[in-house]
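Structure, as structure tokens:
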Amino acid sequence: MKALRLILSCAVLSALSAAAPAQTPVPVTPTTPQSFKFKPTGQTSTAGATIAPAPVPAVKQTTYLTLGRMRQWTNAQGNPRIGQLIAWEQTVVTVPITSPDAKKTSADATPPSVSGKPTIVRDGKIRLLIERKPYEVPLDRLASEDQDYIKQFEASLAKKP
């Protein structure tokens, strides 16, 4: 019985392979041109392109005015973030890189110019420096304790001459 099944399955496979159409090879035509044109030596031509010097690489350096120590800030939903309160004033300087040593962060950057007292709240928002990135945070999104901290900080800053 097993031998009959094996013979039938072999017969079916051979019948299927005989019924399949034969594959004919398709000739491959190269896509390269038949002849190449050479430019004679001694002649010059312009293709309309000009060579420009590469731009000098530069580093954009931003200096923030920090107003306090790192602390935990909590939003109204109770999610905490560690950050530092920064003023709205900042200095952005573009420093060209002229040598490999110039890539290091320079300590000569001038601090932000603040005429009078630094701006803490602008348009109902404060700025926090979280993981070296500034974020604008609306006051109404902070927890009430953090809102009170900002009010006390502004009041103490207003008392100073």
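Data for the structure
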| read-out | value |
| --- | --- |
| Residue exposure sequence - 86, 97, 126 - by fewest surrounding Cβ within 10 Å | 97, 86, 126 |
| Segment residue 156-residue 58, length gained on full extension (0.36 nm per residue, minus Cα span) | 31.3 nm |
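Taken together, the values in this text are just the output of simple stated rules run on the coordinates, not laboratory data. Computed from a prediction, not measured in an experiment: that's the story for all the values here. Positions of Cβ are backbone-derived with ideal geometry, glycine not excepted, and every protein chain shown enters the neighbour counts.
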